[in-house]
1. About the Cα centre of segment 248-375, what is the dipole size in debye to 20, counting +1 per Lys and Arg Cβ and -1 per Asp and Glu Cβ, all else neutral?
2. Excluding Trp455 itself, calculate the net charge of residues whose Cβ lies under 13 Å from the Cβ of Trp455, where each Lys or Arg counts +1 and each Asp or Glu counts -1.
3. For Leu281, which sequence-distant residues (separation of 5 or more, or a different chain) have an amide H within less than 5 Å of its own amide H, given hydrogens modelled in the peptide plane?
4. Between Ile509 and Ile16, how many nm apart are label points set 7 Å from Cα along the C-beta direction?
5. Please find the FRET efficiency linking Thr357 to Asp273, where r is the Cβ-Cβ separation and R0 is fixed at 45 Å, and quote it to the nearest 0.05.
6. Evaluate the distance, in nm, between pseudo-label points positioned 7 Å from the Cα of Leu184 and of Ser488 along their respective Cα→Cβ axes.
7. Could you please rank Phe435, Phe188, placing first whichever residue has the fewest other Cβ atoms within 10 Å of its Cβ?
8. With 10 angstrom as the radius, rank Glu403, Glu120 by how many other C-beta atoms surround their C-beta, starting from the fewest.
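Derivation of every value follows stated rules applied to the coordinates shown; laboratory data play no part. Quantities reported herein were computed from a predicted structural model and do not represent experimental measurements. Note: ideal-geometry Cβ built from the backbone for every residue, glycine included; neighbour counts use all protein chains shown.
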Amino acid sequence: MSNPLTHIFLIDDDQIFRLGLSAALESFPDLQIVAEVDTATKTLERLADLQRNGVVDLIIFELLLGRTHSNAFSGLSLCQQIKKNYPDLPILLLTSCSETTQLAAAKKLGVEGYCLKGCEIGLIVEAMRRLRAGESYWQTLSAPPLSISPPSWHYKLRQSGLQQIENTLALVTSQLQNPNLSKLDWLFWNGRRRELLAARWLVNQLLPTDAIVIEQEGGRERGRWGDGERGGEVPRLGAGVGSNSQLSVSSQVLIPQDGVLAKLQSGLPNLTDIPLEIDILQVEKRRDLLYIVLQKFEEIVETLRFSQVTIEQLPRTRSRLLHDLWQVSLTDFFGKYSTLPVDNRELAFVDSLLQDTSIVQSAILDKIPLVVELLGNRLFDAPLMIDNVPYSAGTPEVLARSELLRENLIIQVANAVTQPLLNQFADIEAIKQSFYDQHLISSREIARFRNNLSWKYRRVELIDEPIAIFESRYDLFVLSEIGIKKTSIYAPRRQELEQLRGIQLVVTIAYEFRDAIAPRLRGTVAWVGQGVVYILTQVLGRGIGLIVRGVIQGVGSALQDTRLGKDGERGK
């Protein structure tokens, strides 16, 4: 049987790619591109026109439409709108995006297929035909996947139980939102909610599926996704002081399924112009530290989910939570019982580093933004404010924003773990050999690196942070597939602005003065410039032109008179 004719609606802002795909599909008569668009606005308008007559059978979509990798979730918003308007119209993501967080969000929205740009045309054609037939197709990104046995009976029972818990939790949450509840009823439903959260936590801990399980395989560690969708290498943990051996790993370590692990596989270079404490670490140590902080953060989130903490208590426990995260991450990274030979004695290494608690707390931990909002969203499905608009939990915008906040938190806590090392043991040879990048191992480079960090903190405190407050934004450090980048998000900071004093206040006043005077100054300069141009061209220029013309005419007349005089003499 021949394949049915498939009318394709192509959404991509790369004109060269659209031309190449159109040329490649000419060899397949059952696949026909009927429309091409390059923006979200054109997509909704053109698709509405075509679907009035049922013309489109399949959408091919670039998820990173018109955006950079760090802000690619605008494509998810368009996916959500398309699925809302045309739920039965299949979407194939033919995209350069490979981040699992974004792809998982797209799949949750109902997107049926995915292929990575650059794959063979035969693979793309197969995906198109399968989606046209009502199936789904998601390209495997990893190396040869590990074998996964079919879902067992207890896996299916687990899924059914979790669904029942979620349904009941939704009913209980709706009851708690009733403003007319009596105090006794509120206590009953709140207790019921805690029981359900505890039950969900226990099920996920005892029978996890959305996790990577580290297994020993032939002397090396391999990872597999619990749901069977992905396999590949996973990062190992860091070594203790003065040792090249890796920290011991339990037989099963659970890590959340998201795109952070993929980003940690890069070289993690600092792509910003701002020095970070973790820049001094070797690439492997940097990766290990970020991995440990990520793991400890998720453990704390699950512990909070199991505890009886309420959303109102989060602001009061924020500092303690970040301190605990920093302490357990530092202890795991350097080794709880590590010692350091100093002056012919063995120094308790971690205990010495933990003495910098107050410095780290005030310099780094207390300045990590929007931690309470992140935890409220993770634990209680609280909405997040994005550009001063509340977005419900689970929406693509909230997933993107919470991912940025979490990545910034992980990077900042990793900086906090490294700071005591630089403060107390920066130039110890055992430390340099075990942890430092080879390009920063000399005493001169270490001193220069520490000086750059000191200047960074002064600049941030006196200039950068007041400007950020004045401009109502937070600067975040985030992970990408090629390194650590900086991004900014809008957030009202009026209360902080009113509390600025001293040099910080002077900086904001200077910026406000510049904003106030700059347009007038530019207008004045432009007016003066126009006047100068007018004088030079219309007055002086014309005057000089008349003078030169008069001189030329006078010279011409003199020459003519001279010539006539000579001719007259000849005539005589």
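1. 140
2. +2
3. Amide H to amide H, under 5 Å and 5 or more residues apart or across chains, Leu281 pairs with Asp437.
4. Rounded to a tenth, the inter-label distance reads 5.4 nm.
5. Efficiency for this residue pair is about 0.90.
6. It is 5.6 nm.
7. In order of increasing Cβ crowding within 10 Å: Phe188, Phe435.
8. Neighbour counts put them in this order, fewest first: Glu120, Glu403.
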